[in-house]
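The structure appears below as structure tokens.
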Amino acid sequence: MMSSDPANRRPGELVFALLLLLFSVAAFWQAYEISGFTGKTTAGVFPMLASGVMVISGLVILVSAASSPPAPKDAPGFFSEVVPINHVVLIGLVLGYVVLMPLLGFLVSSALFLFCAFQFLWRKNPLYMLALTALTLAAIYIVFREVFQVVLPQGSLFRGYF
Amino acid sequence: MLEALGFFAIAWTDPWLIFLTAAGTLAGIYVGAIPGLSVTMATSILISFTFKWDVNEALALISGVFFGGVYGGSRTAILLNIPGAPSAIATAIEGYPLAKRGEAGEAIGLTTVMSVFGGFVGILALALFAPVISSFALMFQSRDYLLLGIIGILLVGTLSGESFAKGAFAGALGVLIGMVGLDPMTAEGRFTFGSIHLLGGIPYVAAMIGFFGVAEALVQLHTLNTPAIKQKIDRIIPRFSDVKKYFWLAIRASGIGTIIGALPGTGGDIAALLAYDDAKRTTKNPERPFGTGTREGLVAPEAANNAAVGGAHIPMLTLGIPGDAVTAVIIGALFIHGLKPGPLLLVETPHLFWFIVGSLTLANVFLLIFGLTGIRMFTKIVECPKAVLIPLIIVLSAVGTYAIQNNPIDVYWMLLFGVIGYFMKTYGFQVGPVILGVILGPMMDSNYRRAMLRARQDVGDFLWAFVSNPISLVLTTGLLIMLISQTPLWPILRRRVFRITD
């Protein structure tokens, strides 16, 4: 998947390892806060063990990331290799989709999301994309509403219509 | 025995269940075959769609998807040189050169027959050994379950990931996620930060769908424009002489697959690679060198990965320890239906066990039917562009997550886990151990505390029990070997030992 040699450090790997370690330390502190060292069978012991393993392995990961050679200068950077524009836009679209779903309901928000995502990723004639959106959404709706009888989110905006 | 046969037959006599198994198998073949869709992804999304169903119906569908999916990966491996699933990597090495020579149809036919064969061996092992292991497992104590949990998580993490530390981190992160919410023993809140929503814990299906669905979709975004190459399909039904010729190899590979599948934490991916490697070493005169389209190299991994399906069910149903990522998800499904996989499952709900065996067998029969038909139509569907597939995966993931509790907050969790999972995958972490940790974490926690209470909170007594009880001693030794083999001590030790034996 990644084009760079795994022996080399991937762009952003060091920062990610550092974030993981910070998260682990915070988790350990929170686990300690549950019941401290008051007993061996309290609610906090296992969370402390788990987060302790995270702190130790996080340290090992950080050290090995720091000691592996950095990616060559001409190699693609963080934004072209790890989160290229496709990822930024798609994650943004999903976030918008997730936020809008309770408001607009499943059908409207999914139609918007599918159309935007198809259009952005495929870049074909919008009319064709519109037809594709309608077709896939109809298929999803029939399969899940009728066959699986799943409750699909209804929007607060158009309650009763969709 | 007769009773067991009766339960077994339920899967074969109810037309609706037969239909669901067939539909699951067919859908599974496509899911496994379409690069970008995985069995784990499909089962985790399916759980949320089927949790209101009767448990038999849900299991029939999931069994079908599991079998179909493990097999389906081979088709794209042969036709497009893209393994549809990790368990088909070895298949691609041998199958694609065969397809390039115009023997794609025959390769698919042989793969299908051998996959079905391996599948039956795995199911037979499940039916024969699960009851034995399950009665043996009744002797297991709390600490043994704790050990099994740790071994399972570490095995998933270390065998397929980049490094031991990354595997251990992912597993511990999963355990931590599983700890969030009310402690079932003392009703104290853990990591709840005063939020009422967090008291109920993080919904594990949201984590599964996030890690296996959304994260995978984001990874697939890197290969948006990989063009597919078409292949000619001719004869599909394999020659009987071929089947006869590779029979013993298939038996061997199925044996490897069943055993690897039955080890907690190792599944079809590893089984396929090991069987391929074994075939490479033991085949004396292959018709062509390995790597250039030899049939032995096609038969072994495919028989093995389907045998691993039955194998992976053994620890899941008898110990409650999943054999791989898919069975971890299936355990989640059983939990949702109020069942407790473990040694008592066979005692308390034998009908469920024999029903699973029955529907797996039926799914395998359907695999043979669907595997040898509909290949021309298949090539059309698999060419579905990723630009269409990725948004679809996301919509299905969102609907699936929402369906569990009708709670929009779960969908946020799904997205968060999806993004975290994407970064983890990018930096060489496996997400399998995370899910295993989420599923096994609460079980390990309560077993740890029970074992500690039994030792009257005395650390010395607690640790002594790990080496003084025979079952515990075997498991402890296994765990220690795993740990030592990851340290620099291992090569030194091995050299010492070899010097002595020389």
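The values are calculated or read from the model by the stated rules, or taken from the named source; none is laboratory data. Here the structure is a predicted model, which is why all the values come from computation and not from measurement. Glycine gets a Cβ as well: all are built from the backbone with ideal geometry, and neighbour counts include every protein chain shown.
What number of residues in the range B:1-56 are buried (at least 18 other Cβ atoms within 10 Å of the Cβ) and in contact with an Asp or Glu (Cβ under 9 Å, 6 or more places away or on another chain)?
Qualifying residue count, the range B:1-56: 9.
Tell me, yes or no, whether the range B:332-355 has at least one residue that is under 30 Å from residue B:102 (Cβ atoms), surrounded by 18 or more Cβ atoms within 10 Å (Cβ to Cβ) and of a type in the set (Phe, Trp, Tyr).
no
Going by what's in this entry, would residue B:433 be described as within 30 Å of residue B:143 (Cβ to Cβ) and either more than 13 Å from chain A (Cβ to nearest Cβ) or at pLDDT 85 or above (or both)?
yes
Give B:428, B:400, B:441, B:421 a once-over and let me know the one that is within 10 Å of chain A (Cβ to nearest Cβ), among the small types (Gly, Ala, Ser), within 26 Å of residue A:82 (Cα to Cα) and in contact (Cβ under 8 Å) with a residue 60 or more places away in the chain.
When all the criteria are applied, what remains is B:428.
Yes or no: residue A:127 aliphatic (A, V, I, L, M) and within 11 Å of chain B (Cβ to nearest Cβ)?
In short, no.
Sort out which residues of the range A:89-117 are surrounded by fewer than 18 Cβ atoms within 10 Å (Cβ to Cβ), in contact with a Phe, Trp or Tyr (Cβ under 8 Å, 6 or more places away or on another chain) and either closer than 20 Å to residue B:424 by Cα or small (Gly, Ala, Ser) (or both), and write them in order of number.
Hits for the range A:89-117 are A:89, A:96.
For the range B:1-104, list the helices (runs of 4 or more DSSP H) that sit wholly inside it and hold at least 1 residues that are of a type in the set (D, E, K, R) and at pLDDT below 90; which are they?
B:2-13, B:55-80, B:89-100
Search the range B:49-99 for residues being under 28 Å from residue A:141 (Cα atoms) and acidic (Asp, Glu), and hand back the single one that is nearest to the chain's Cα centre (by Cα).
The residue in question is B:57.
Go through (1) under 24 Å from the mean Cα position of the chain (by Cα); (2) facing chain A (nearest Cβ under 10 Å); (3) aromatic (Phe, Trp, Tyr) one by one and return the number of the condition residue B:412 breaks.
(1)
Which condition from (1) in contact (Cβ under 8 Å) with a residue 60 or more places away in the chain; (2) away from every other protein chain (no Cβ under 12 Å) is the one that residue B:449 breaks?
The failed condition is (2).
Being more than 10 Å from chain A (Cβ to nearest Cβ) and either in a helix (DSSP H, G or I) or among the β-branched types (Val, Ile, Thr) (or both), is that true of even one residue in the range B:170-180?
No, the conditions are met nowhere in the range B:170-180.
Go through (1) within 10 Å of chain B (Cβ to nearest Cβ); (2) under 30 Å from residue B:83 (Cα atoms); (3) modelled with pLDDT of 90 or more for residue A:82 and report which single condition fails.
Status for residue A:82: all satisfied but (3).
Is at least one residue of the range B:332-355 part of a helix (DSSP H, G or I), within 28 Å of residue B:109 (Cα to Cα), of a type outside the set (Ser, Thr, Tyr) and at pLDDT 85 or above?
no
If the requirement is being facing another protein chain (nearest Cβ under 10 Å), at pLDDT 95 or above and on the phi < 0 side of the Ramachandran plot, which of these qualifies: A:24, A:64?
Among A:24, A:64, only A:24 is facing another protein chain (nearest Cβ under 10 Å), at pLDDT 95 or above and on the phi < 0 side of the Ramachandran plot.
Does residue A:118 satisfy the condition of being more than 10 Å from every other protein chain (Cβ to nearest Cβ), within 23 Å of residue B:222 (Cα to Cα) and either free of Cβ contacts under 8 Å to residues at least 60 places away in the same chain or assigned to a helix (DSSP H, G or I) (or both)?
no
Can you name every residue in the range A:15-45 that is polar (S, T, N, Q), closer than 28 Å to residue A:63 by Cβ and buried (at least 19 other Cβ atoms within 10 Å of the Cβ)?
Hit for the range A:15-45 is A:24, nothing else.
Just need a number here: residues in the range A:124-140 that are more than 26 Å from the chain's Cα centre (by Cα), over 12 Å from residue A:107 (Cβ atoms) and part of a helix (DSSP H, G or I).
Count: 6.
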